[in-house]
Amino acid sequence: MSKKLLLKDAHIEGIRYFETYRKQGGYTAAEKALKMTPDEILEEVKASGLRGRGGAGFPTGMKWSFLAKPEGVPRHLVVNADESEPGTFKDRYLMEFLPHLLIEGMLISSFTLGSNVSYIYIRGEYSWIPDILEEAIEEAKAAGFLGKNILGTGYDLEIYVQRGGGAYICGEETALLESLEGKRGNPRLKPPFPAVKGLWERPTVVNNVESIAAIVPIIDITGAEYAKIGVGRSTGTKLISACGNINKPGVYEIDMTITVEEFIYSDEYCGGIKDGKKLKACIPGGSSVPIVPANLLLRTVNGEPRYMNYESLADGGFATGTMMGSGGFIVLDEDQCIVEHTMTLARFYHHESCGQCTPCREGTGWMHKILKKIEKGEGKMEDIDLLWDIQRKIEGNTICPLGDAAAWPVAAAIRHFRDEFEWHVKNPELSQTQNYGLAHY
Ligand code: SF4
């Protein structure tokens, strides 16, 4: 059984309220941290090996150490709660059921970074959660954990919740900052990076909800103890939101030592494939990471078991592996059509492209149109190669990672499931009435 650090109290009734959270030991990590120096806290975070839980997996302690500290210029912490990646809903769970864990993590992080005004930028579709967060902020303030002179230390902190307008691109950190400043959420060219010029050109750290929540157990048990959980550079625990054709969709906390097979089939997690069907493929890190067929998902090309961690999921690179990404684990059974699935994703990325760069703006639309044509049985064999060519021209040629995020699913689908694309081309009539999955199993 995986160790629980973030969700250990999630089952307790009323844990979203300050009184219950406090009774369970809440805010003791913050009390401990406020007696330490910011540098000491930073060393704990570095020692923990925590990697950003939003998708990129960049070491959090290192990110914090890049924060510029020019004399007299305010600094900010911004929590990225714009969780819009298809298949990912673990931050929603944290904010809805454990809002004080996030606020306590923000208090410790803001104190470390020297931020007196910090923000939570939350996606517009999570319409009911800002009220939960604002209520928790008021409770924390009433108890002396936010506001002026927190716990008599002389440190002041205000936290504001800002609702997004429903654009996926605002999950990209610089687009988020533009939106937070009241502008259209267009990604910025980097450099300068937010750590130097972020919100209102001030040094800013943008971190995911789960990353900031993880700061609480790190301070609680120490960075060194946190680093002992997990394996290699995949330290601590990770939240996974599991969905698709499984018996038990939901949010699970894993310690990154379990195998993918155990995660899918064990009753403790996904509970196996729905209706006893066969596993066909999985996207383990949210819709932007490469899809992997069952054989490569359960084992690496060397026959080693594949584990639920950053290194093992990526084993073999994009040709045979994938990425941990945001932890949005999407499972597809034998009846699912990869072409239809890829087309749905292409439509999503085309819709969400901000339109600033040509390869993304035009390429995502072309990919969607071609996929639609193939899926309807109106495609030609050359269309598959054209699709491959377009995704190659998008990848690495755009301002922000949305271009790559749109290209990778198409590349992986063609690489691993070319036979399904060809089947649609060769069977125009059949592809209008059923899909490859149903026709072949
Ligand atoms: Fe906008 Fe796409 Fe370019 Fe990102 S890659 S800046 S979303 S057009």
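Taking other C-beta atoms within 10 angstrom as a stand-in for reagent exposure, Leu113, Leu151 fall in the order Leu151, Leu113, fewest first. Contact order normalised by length for region 295-428, with contacts defined as Cα pairs under 8 Å and 6 or more residues apart; what percent is it? Answer for region 295-428 is 22 percent. Taking the longest Cα principal axis of the chain as reference, the axis of helix 129-142 is set at about 10 degrees.
With each label modelled as a point 7 angstrom along the Cα→C-beta vector, the Leu189-Arg415 pair spans 3.0 nm. When peptides 40-48, 306-314, 104-112, 124-132 are ranked by their average number of other Cβ atoms within 10 Å per residue, the highest-first order is 104-112, 306-314, 40-48, 124-132.
Of the trypsin sites (Lys or Arg not before Pro) found in region 210-239, those that fall in a DSSP loop while having at most 15 other beta-carbon atoms within 10 Å are Arg233.
At 0.36 nm per residue, and after removing the present C-alpha to C-alpha distance, how many nm does the segment from Ile12 to Phe58 gain when stretched out fully? Walk me through the intermediate numbers first.
Values: separation 46, 0.36 × 46 = 16.56 nm, distance 3.21 nm.
In short, 13.4 nm is gained.
Each of Leu176, Leu98, Leu430 was scored by other Cβ atoms within 10 Å of its Cβ. Arranged with the fewest first, they read Leu430, Leu98, Leu176.
What per residue convex hull volume, in Å³, comes out for the chain when only alpha-carbon positions are used?
Once divided by residue count, the hull of the chain is 134 Å³.
For the pair Val73 and Lys274, label points projected 7 Å from Cα toward Cβ lie 5.1 nm apart. Can you find, among Gly236, Val206, Ala281, the residue farthest towards the positive end of the dipole of region 192-291? Put +1 on the C-beta of Lys and Arg, -1 on that of Asp and Glu. The Cα lying farthest towards the positive end belongs to Ala281.
So, by mean Cβ neighbours within 10 angstrom, what's the order for 205-212, 58-65 with the highest one leading? Display every interim value, and only then the final one.
Working: 205-212: 26.2, 58-65: 17.8.
Ranked from most to least packed, the peptides come out as 205-212, 58-65.
Per the helix-only calculation at 222 nm, which mean residue ellipticity applies to the chain, given -39500 (n - 2.57) for every DSSP H run of n ≥ 4 and division by its residues, nearest 500 deg cm²/dmol? Value at 222 nm, helices only, nearest 500: -13000 deg cm²/dmol.
Distance from the alpha carbon centroid of region 275-301 to that of region 383-431 works out to 17 angstrom. Straightening the chain between Glu304 and Asp131 buys 57.6 nm, computed as 0.36 nm per residue apart minus the Cα-Cα spacing. Checking the cross-link pairs Lys190/Lys372; Lys8/Lys90; Lys274/Lys373; Lys90/Lys278; Lys69/Lys183 against a 23 Å limit on the alpha carbon distance flags Lys190/Lys372; Lys274/Lys373; Lys90/Lys278; Lys69/Lys183 as lying beyond it.
Which ordering of Tyr269, Tyr93 is given by a fewest-first count of other beta-carbon atoms within 10 Å? If you can, show how the numbers build up before the last one.
Values: Tyr269 22, Tyr93 19.
So the residues, fewest neighbours to most, are Tyr93, Tyr269.
Read-outs throughout are calculated quantities, based only on the coordinates presented, and are distinct from any laboratory measurement. Just so it is clear, the model here is predicted, and its values are computed rather than measured. Cβ: placed from backbone, ideal geometry, glycine included. Neighbour counts: every protein chain shown.
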